[in-house]
Amino acid sequence: MDSGNIAWLLTSASLVLLMTPALALFYGGMSRSKSVLNMMMMSFGAMAVVGVAWIFVGNGISVGESMAGGLFGNPTSDLFLNASWVSGDGEALISTGFGATFAIITVALISGSIADRAKFSAWLVFSFLWAILVYSPVSHWVWGGGILSDAGPIFNEDWFPQDFAGGTVVHINAGVAGLVLALLLGVRKGFGKEPFKPHNLPFVMIGAALLWFGWFGFNAGSAFAADDSAAAAWVNTTAATVAAILGWLLVEKIRDGKATSLGAASGVVAGLVAITPAAVAVDPWGALVIGVLAGVFSSLAVGLKYKFGYDDSLDVVGVHLVSGLWGTVAIGLIGTTTFGAWDGLFLGGGFGGLWAQIVAAGVTIAYSAVATLIIGLAIKHTMGFRVSEEIEVAGIDLAEHGETAYEEAK
Amino acid sequence: MDSGNIAWLLTSASLVLLMTPALALFYGGMSRSKSVLNMMMMSFGAMAVVGVAWIFVGNGISVGESMAGGLFGNPTSDLFLNASWVSGDGEALISTGFGATFAIITVALISGSIADRAKFSAWLVFSFLWAILVYSPVSHWVWGGGILSDAGPIFNEDWFPQDFAGGTVVHINAGVAGLVLALLLGVRKGFGKEPFKPHNLPFVMIGAALLWFGWFGFNAGSAFAADDSAAAAWVNTTAATVAAILGWLLVEKIRDGKATSLGAASGVVAGLVAITPAAVAVDPWGALVIGVLAGVFSSLAVGLKYKFGYDDSLDVVGVHLVSGLWGTVAIGLIGTTTFGAWDGLFLGGGFGGLWAQIVAAGVTIAYSAVATLIIGLAIKHTMGFRVSEEIEVAGIDLAEHGETAYEEAK
Amino acid sequence: MDSGNIAWLLTSASLVLLMTPALALFYGGMSRSKSVLNMMMMSFGAMAVVGVAWIFVGNGISVGESMAGGLFGNPTSDLFLNASWVSGDGEALISTGFGATFAIITVALISGSIADRAKFSAWLVFSFLWAILVYSPVSHWVWGGGILSDAGPIFNEDWFPQDFAGGTVVHINAGVAGLVLALLLGVRKGFGKEPFKPHNLPFVMIGAALLWFGWFGFNAGSAFAADDSAAAAWVNTTAATVAAILGWLLVEKIRDGKATSLGAASGVVAGLVAITPAAVAVDPWGALVIGVLAGVFSSLAVGLKYKFGYDDSLDVVGVHLVSGLWGTVAIGLIGTTTFGAWDGLFLGGGFGGLWAQIVAAGVTIAYSAVATLIIGLAIKHTMGFRVSEEIEVAGIDLAEHGETAYEEAK
Amino acid sequence: MKLVTAIIQPHRVDEVRAAVEAAGVKGVTVSEAAGYGRQKGHTEVYRGAEYTVDLVPKTRLEILVEDADAAVVTEAIVSAAQTGKIGDGKVWTVPVDDVARVRTGEHGADAL
Amino acid sequence: MKLVTAIIQPHRVDEVRAAVEAAGVKGVTVSEAAGYGRQKGHTEVYRGAEYTVDLVPKTRLEILVEDADAAVVTEAIVSAAQTGKIGDGKVWTVPVDDVARVRTGEHGADAL
Amino acid sequence: MKLVTAIIQPHRVDEVRAAVEAAGVKGVTVSEAAGYGRQKGHTEVYRGAEYTVDLVPKTRLEILVEDADAAVVTEAIVSAAQTGKIGDGKVWTVPVDDVARVRTGEHGADAL
Ligand SMILES: Nc1ncnc2c1ncn2[C@@H]1O[C@H](COP(=O)(O)OP(=O)(O)O)[C@@H](O)[C@H]1O
Ligand SMILES: Nc1ncnc2c1ncn2[C@@H]1O[C@H](COP(=O)(O)OP(=O)(O)O)[C@@H](O)[C@H]1O
Ligand SMILES: Nc1ncnc2c1ncn2[C@@H]1O[C@H](COP(=O)(O)OP(=O)(O)O)[C@@H](O)[C@H]1O
């Protein structure tokens, strides 16, 4: 037990825990004032039920010894974290906590695609099931020695997917789930006609900033030590993010004539998403490139929903799926071995890495799409997933939570 | 000097310092828009005067060598932190800083019971006196080798109260003081008739989330090292909190038909309060139980003020006193020795621990009640503690601070 | 590589990164609701372009080997952080990241003096140039072995300027630049007649609190280790800040009859600024003195703009220049050698230290004034620095960013 | 028909609503306003400078009534809103040509 | 000239604006209001206690028209704002002595 | 008595208040509004899509005056609020049957 490593893991886990309320603020600010509470409650609800799900069996499924050929970890290996606790080992214990914060934020991310219209109880059930049936196994595949790791049946020790902090497990996974739910629940009244503008842009900006702050725990904490890799991840995280702000604002300036604050905040998130898998696999120059293009790609992608007619309300697909994919694939192109595992295509490493990245992304997309659809359909046809149009127009906060976000003085 | 431990203590002290402005946001959001500044200023004022009081004599009273048979530490042992400074010892120095942040937040907690109606100058005087005369000695009793420690006259090395991070010293102490002040100042105009609804629920939610974030420093930092105990405290803190959200929302759903955002935020705090004394004394399963019941107990308790007619405006009693008591007593029931000091009743440890916990709680309640009453009465009958009804109705912000919180564009 | 030190540097760099959005909230809350986004975007824009500038050549100019007799570091020594990266050394890498966060916040601070009226594109160009041409060289002078260090031509090993975390490099530097830009852009319509009151004081308070939180990384992180010095800096930072709140509120209470929340928030910042250079150079008693007088001096200084007619909109001069100067000079008076380099005048050290502090401040002021003026004039006469009066009155957010900060429910 | 408009102190709204209901009024439209008259505003402090905020928040009530009820409703409002302090407000009546209920399209007294 | 004032459901504003424009109206003034009548408010929960919020948000439209147009505009509003549910609102007309356009100082029908 | 209502640009409020005070007016009620007419709104950008916000913020002033003063006050408002740009606003006058001062219960001209 190294006290410096534990100190950094304690800090990192705290930082990542903070990301979910930061997301609540980011998403909440983007909502309309009649539905901000419901939006934030989807994050808080995810904290509650995914937290419990993780302590119950999620941690075991994620990091327990592989079963069924690497499809999942042993669910009973750490029931109620009992095994971790009695081990008395600080690094093991805080690692389970760190893992919980990842499961929580991944689920919370999904909620952005179904703003203003999901039943809160249905969301809680979805969160619980998705955390156990989708997040936990996929994290086992990539990080727990499962089917998408070098120990799995697809890859080998030379060529295997690199996902430092969650490009596949977190962002592609959540992005696909968001897309499926947006399709399943359908568009909001007025979609494509009214702009549904953010009701509080300072909230959006501060939410994005707190996400950035927490993301240092997410990325640099994924070194599981206060070491050179952690430092490298910190530097790349910052490099990609500052570049992504520029990329997003540049597109806006050229296309619309104006650089918006919503664009700056969205650029922050796009950059962070894209560098997540690549945090140590590329050098700072590569991080700048990944960042600026993440800003460009995602700023162009958020308009697609109007074209294809899916109401991904707060752009989970445009930001998390698109930049998550970009960052994952980019490693195959410009990965280097200073801290990374293999060289990418442009650095003379050949197609092996690129292939591994694409396969990992593809498997994640396929599984997430199918599993989310099954869970979503089950909920839709039993308890129902969506509130009535009347409630939606009047504001979901009042009907689902009995509250209005703001009160005037009297 | 271990750099990992210092790193964690520096981080923890910073986190706990953040808790007081987080509380300001939590309390401020619950206030009405005409009195939010005064509410927040009570926290900021506490930072200022309790900070100075701690540097002056508070630290000495709390951790100096015991005097008067363990009633308080030597007040002159660390005047203006001079002794700590010249020691040149980083762990000693940052521990005094860590201690300051505890004293500040404990005082700030009290302010929630007297929203909208306390003179700011009276509050500052109260804060200074209460920090020195109540917080500092009580913290000496429990943590400084005083009368409620194993070195004191009441307990022995086998059976003594466990209070890892402040169930008695912080939450019961502040909760009782809040009750006494609420009674002393009396109810607000409209109490029991108007709902006095929160003017900004997103503030309340983000305030609660920042409290949670800071609380990792509070609980895991109370290990005074980046070690196994700290990791254990981190995990239990999260387990209890996620469970408490569920507990609170469940009561609301059953009783009122709707799960509110105010309930989720309050559940966060209730869970954190309850696990504070027990952070390493129970296992994660125990933490879940403590948490869910803290949510249930506190959500039921916040209605008591209407029944008994004390205007504990923002529920200091319902949340801090009730969940603080519950967490303190729960150790006597389900405490375990993996990281804790003795086994609780249900784990075969007998009644010794339960008795110790109840005595510690009882002594704290009695002293806090009497001492707060004396300080409060002295202020009431000299400078006065409460503003006029006219000021209260018009909004205390304008009269006491010459400001209004929000300005429209012009 | 010591994991505890790296843990603390990772944490500190994350904390300082958070300071810039915290500043955005602090400044944004003080703005009017029609220009809050532009105010916040100046901070976010600084993050983007200064981040890139630092990774590009800024880090080299700041910490590369001295050139031109200590005027700047070798700009090509760490292009795109390539040298730091290939070193593979975690402490070197995270130190460059830590440096980036300092450059960003310093530039962002300046924006407070030109609220409501600067073209966003002009601001981005200014930020880029100023970071490279002013911040980077001045930081080299003081911290990189340049002309204001003990290795420089002016000072010697006995007497040289002490600037632990940025009294000269950050606060005096930014304060002077703010003054120059305020003069260059001219006053806003209504200056001196309308009060331009803060549109959201809770934002101001929380912004100040998050600055405080981040400042622990700024000051205690400047020890570049989790050691005794870091702990000392933490304690002094808190001591000065709590005292400065009291100092500011005292002036208000005496002069205006009321202690304001804007005053408390401003006091926080003034105290933090003043203790920044002196964080380990004085003892806690000295920190209290520096803090309380910083509160007094800055609260009196913010009125000067009305007297002299410069529209330093959010008091960059009154707070950062004045308290930065005071803290820098105070070391010459009450510096001690427990953790500091030499004794100040009042502690029997003679005039050597005082002289060094004054020279360092004077050189910084002179260079910052001239260089800022040149950059500012160049921008003014090419792309233009200020928006039209019409845009200013209608609200700069709409014209520059195509957005309004808040939307009502519909 | 008549439209009775009242500008009153915000904290008297509940009392006034009760009074007009007692006088037979079935519906009211409420909005925010601010005003000044004999009552001047209050003083705020900003960065050491005092200045006067002279608009005082008020609440506007609008009530459509039949001609015969205008005087009764006015008196009901006056007595319920009265605190005797400067700034209590004004109540005025204007003639109305026609009223329509949106839901049904009814006109005149039926629409009230 | 006449002033037509309409209190309608906030979510019908766009439809009503389109309808009055179709009826020849060139300008409209809009503001926020709240009201009650036959439509009672909703229930909110706070700390375990239920209570009624009885003011329902509404939007006020004010439209200056020539005498002859008042009835047409009223009908246009009524049919565009109608949902058939309680709370759809009211439209009333008051006589106007004079209108001035600030920009030009014109008076009367020219000022509309 | 008359009620003079003015819809003006928000940034002309101070000038208008000064002008009507100079014309002998002792009290004013102010509220927020938004409107459109010849002046169309502005363009905002959202996620790459431009759209028009056509309601422009305005301020409403309501001033009760004696019959004889209505014209004078109207002219005072028009000249103080005029900037010559489209969107300067409207001023209109409606007849008032009665005014009451809440504080005293006075009626008619005494209540102004
Ligand atoms: N001439 C007026 N026209 C329109 N509103 C007025 C007029 N005079 C007063 N008011 C409104 O009535 C409110 C109270 O008036 P004020 O003169 O302050 O008190 P009082 O009526 O008790 O003498 C003002 O705030 C304003 O809103
Ligand atoms: N007598 C009245 N005077 C002024 N406003 C009224 C009156 N009656 C109703 N209103 C307004 O009209 C709105 C709708 O009235 P309500 O009686 O609820 O529905 P409906 O007109 O469909 O029967 C109310 O919210 C209120 O704003
Ligand atoms: N017919 C109308 N009825 C009510 N308000 C109107 C009418 N026409 C204009 N207004 C109000 O007057 C404001 C200015 O009118 P507009 O036609 O834009 O400018 P101008 O009067 O200078 O030609 C509008 O924003 C609206 O609030």
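The values are calculated or read from the model by the stated rules, or taken from the named source; none is laboratory data. Quantities reported herein were computed from a predicted structural model and do not represent experimental measurements. Note that we place each Cβ from the backbone using ideal geometry, even for glycine, and neighbour counts take in every protein chain shown.
General remarks:
- Members of segment E:3-25 found to be more than 11 Å from ligand 3 (Cβ to nearest atom) and in contact (Cβ under 8 Å) with a residue 60 or more places away in the chain, listed by number: E:A6, E:I7, E:I8, E:Q9, E:R12, E:E15, E:V16, E:A18, E:A19
- Filtered residues of segment A:387-410 (kept if surrounded by 18 or more Cβ atoms within 10 Å (Cβ to Cβ) and away from every other protein chain (no Cβ under 12 Å)): A:V387
- Here D:W92 meets the list (1) within 16 Å of ligand 2 (Cβ to nearest atom); (2) at pLDDT below 90 almost entirely, failing just condition (2).
- Inter-residue pairs, beta-carbon under 7 Å, first farther than 22 Å from A:T260 by Cβ and in segment F:26-53, second within 16 Å of ligand 1 (Cβ to nearest atom) and of a type in the set (D, E), 6+ apart: F:T29/F:E62; F:S31/D:E32
- Test: residue in segment C:262-282 that is without any contact (Cβ under 8 Å) to a residue 12 or more places away in the chain and of a type outside the set (D, E): no
- Just one of (1) surrounded by 15 or more Cβ atoms within 10 Å (Cβ to Cβ); (2) within 7 Å of chain D (Cβ to nearest Cβ); (3) part of a loop (DSSP other than H, G, I, E, B) fails for E:G87. It is (2).
- Just one residue in the set A:S66, A:S77, A:S31, A:S87 is crowded, with 24+ Cβ neighbours inside 10 Å and not aliphatic (A, V, I, L, M); that residue is A:S31.
- Taken over segment F:71-84, the residue count meeting the criterion of being touching a helix residue (DSSP H, G or I) at 6+ places or on another chain (Cβ under 6 Å) and either among the charged types (D, E, K, R) or surrounded by fewer than 22 Cβ atoms within 10 Å (Cβ to Cβ) (or both) is 1.
- Segments classed as helices (runs of 4 or more DSSP H), wholly inside segment A:63-130, with at least 3 members that are of a type in the set (V, I, T): A:90-110
- B:S323 within 14 Å of another protein chain (Cβ to nearest Cβ), among the polar types (S, T, N, Q) and under 19 Å from B:S111 (Cα atoms): no
So that you can scan it fast, the table gives a plain yes or no per residue for (1) among the polar types (S, T, N, Q); (2) within 26 Å of the chain's Cα centre (by Cα):
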{"site": "B:I358", "(1), (2)": "no, yes"}
{"site": "B:T372", "(1), (2)": "yes, yes"}
{"site": "B:G384", "(1), (2)": "no, yes"}
{"site": "B:A399", "(1), (2)": "no, no"}
{"site": "B:E403", "(1), (2)": "no, no"}
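- Residues located in segment A:335-360, provided they are crowded, with 24+ Cβ neighbours inside 10 Å and part of a helix (DSSP H, G or I): A:G353, A:A356, A:Q357, A:A360
- Of residues in segment F:8-38 being within 15 Å of ligand 1 (Cβ to nearest atom), crowded, with 21+ Cβ neighbours inside 10 Å and more than 7 Å from every other protein chain (Cβ to nearest Cβ), the one farthest from F:I77 (Cα to Cα): F:V25
- A:A330 being part of a helix (DSSP H, G or I), more than 21 Å from F:Y46 (Cβ to Cβ) and without any contact (Cβ under 8 Å) to a residue 24 or more places away in the chain: no
- Filter result for the condition that a residue is within 30 Å of B:P198 (Cβ to Cβ) and within 17 Å of the chain's Cα centre (by Cα), over B:A131, B:A118: B:A131
- If only residues of segment C:190-200 that are closer than 18 Å to D:Y51 by Cα and modelled with pLDDT of 90 or more are counted, the one that is surrounded by the fewest Cβ atoms within 10 Å (Cβ to Cβ) is C:F191.
- Only one of F:A34, F:A49 that is under 30 Å from A:L314 (Cβ atoms), in contact with a Pro (Cβ under 9 Å, 6 or more places away or on another chain) and within 16 Å of ligand 3 (Cβ to nearest atom): F:A34
- Elements of type helices (runs of 4 or more DSSP H) contained in segment B:201-291, each with 1 or more residues being of a type in the set (K, R): B:228-256
- When residues of segment B:139-189 are limited to those that are surrounded by fewer than 24 Cβ atoms within 10 Å (Cβ to Cβ) and of a type in the set (D, E, K, R), the one nearest to B:V107 (Cα to Cα): B:R188
- Hits in segment B:133-161 - residues which are part of a helix (DSSP H, G or I) and either more than 18 Å from B:M42 (Cβ to Cβ) or touching a Lys or Arg at 6+ places or on another chain (Cβ under 8 Å) (or both): B:L133, B:S136, B:P137, B:V138, B:S139, B:H140, B:W141, B:V142, B:W143
- Every residue from segment F:53-88 that is more than 14 Å from the chain's Cα centre (by Cα) and within 14 Å of ligand 3 (Cβ to nearest atom): F:V53, F:D54, F:L55, F:V56, F:T83, F:G84, F:K85, F:I86
- Flag if A:A294 is without any contact (Cβ under 8 Å) to a residue 60 or more places away in the chain, surrounded by fewer than 24 Cβ atoms within 10 Å (Cβ to Cβ) and more than 12 Å from chain C (Cβ to nearest Cβ): no
- Subset of segment E:90-112 (residues that are in a strand (DSSP E or B) and away from ligand 3 (no atom under 11 Å from the Cβ)): E:K90, E:V91, E:W92, E:T93, E:V94, E:P95, E:D98, E:H107
- Residue within segment C:169-188 that is at pLDDT 95 or above and in contact with a Pro (Cβ under 6 Å, 6 or more places away or on another chain) present: no
- The listed residue being more than 18 Å from E:K2 (Cβ to Cβ) and among the β-branched types (V, I, T), out of E:T59, E:T29: E:T59
- Search result, residues across segment F:54-84 that are more than 16 Å from ligand 1 (Cβ to nearest atom), more than 7 Å from chain E (Cβ to nearest Cβ) and either within 13 Å of E:E106 (Cβ to Cβ) or among the β-branched types (V, I, T) (or both): F:V56, F:E75, F:T83
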